[in-house]
Amino acid sequence: MLFIRTTVLLLLAAVASAAEKPLSVELMSAFHKWVDFHGKQYNSHEEKMTRLQIWADNDERIQQHNSQDPSPTFTLGHNAYSDMTEGEFAEFFKLNNENAYAQKKAVEQNLAEDSQEFSTFQRALKEQVDLPDYVNWNQMGAVTPIKNQGACGACWAFSTTGALEGARFVKTGELVSLSEQNLLDCDHVDLGCNGGLMDVSLIAFICMSCLSL
C-alpha cells in the first residue's frame, strides 16, 4: 500500500513538473537580474519558482509580440509586475472594480450624443485638413517620462494628466508634468486609489481646474 501511494505521488510530481516548460540558463539568469533590479523578495523557494514560471510565461508573450513580422507599432518589455498573472495584476490595481464599471456605463450613456457630435466634427476635419498617417508624439517631445502609480489603482488619473499634458504641448509647445495627486485630492466623483474613469476625471478637471504642476 505504501509503495502504491509513493508511486502515485511520484507520478503526480512528474506530471506537475512536465506541465512547466523547461527554462534555459539564459532565461533564469535574466529573471535573477530582474529580481535584483526590482528588489524582489519571496517567502519561500516554492514561491520563487512559481514567480519564475509566471515571469517566463510573460517573457514569452513579450518576445512573441516584439518578433512579429511586420514589426508591431509598439514594443513590450518587463516591469516590476512581470511576476504577476493577469488576474493578480487586475486585482492589485482594482481593475475589476464594479463601482467603476457602473460609473463607466453611466458616463457612456450621458456622453452618447456628445460622441456622435464629435464624430461628425472628426469627419468634417478630415475633409478639410491633410492629416499625416503617422505621428510619434514621444519623438516630438509631447510625452512626459514614465510615471509609476505604485499600488494605487489610479490609472484614470495618470490617463487624464497624460492627455492634458499632450494637449497643452500641442497648443503651447511646452511640456509640463501635471500632478496626479491633485486629481486624487480634488476629484470626489472617481474612487481615488480604488479606480475611476478618465472621462469623469476630465469633466472634473474642467469644472474644478484643480491640477497643478
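The values are calculated or read from the model by the stated rules, or taken from the named source; none is laboratory data. Note that the coordinates shown come from a computational prediction; the quantities given were computed from them, not determined experimentally. All Cβ positions, even for glycine, are placed from backbone atoms using ideal geometry, and neighbour counts span all protein chains on display. Remember, those area values only see protein heavy atoms, side chains included, never the ligands or the DNA or RNA. Shrake-Rupley method; radii C 1.70, N 1.55, O 1.52, S 1.80 Å.
Note on the stretch 73-84: residues that are touching a helix residue (DSSP H, G or I) at 6+ places or on another chain (Cβ under 6 Å) and exposed (fewer than 12 other Cβ atoms within 10 Å of the Cβ) amount to 1. Scanning the stretch 160-181 for residues that are under 18 Å from the mean Cα position of the chain (by Cα) and either open to solvent by less than 30 Å² (accessible area, probe 1.4 Å) or in contact (Cβ under 8 Å) with a residue 24 or more places away in the chain (or both) yields Thr160, Thr161, Ala163, Glu180. Checked against (1) open to solvent by 50 Å² or more (accessible area, probe 1.4 Å); (2) in a loop (DSSP other than H, G, I, E, B); (3) out of contact with any Ser or Thr (no Cβ under 9 Å at 6 or more places or on another chain), Asn136 passes all but condition (1).
When you scan the stretch 192-204, how many residues do you find that are open to solvent by 20 Å² or more (accessible area, probe 1.4 Å) and at pLDDT 85 or above? Reasoning before the result, please.
Of the residues in the stretch 192-204, the ones open to solvent by 20 Å² or more (accessible area, probe 1.4 Å) are 193-194, 197-199, 202-203.
Add one more test, that the residue is at pLDDT 85 or above, and what stays is 193.
Qualifying residue count for the region: 1.
None of His45, His38 is modelled with pLDDT of 60 or more and surrounded by 11 or more Cβ atoms within 10 Å (Cβ to Cβ) except His38.
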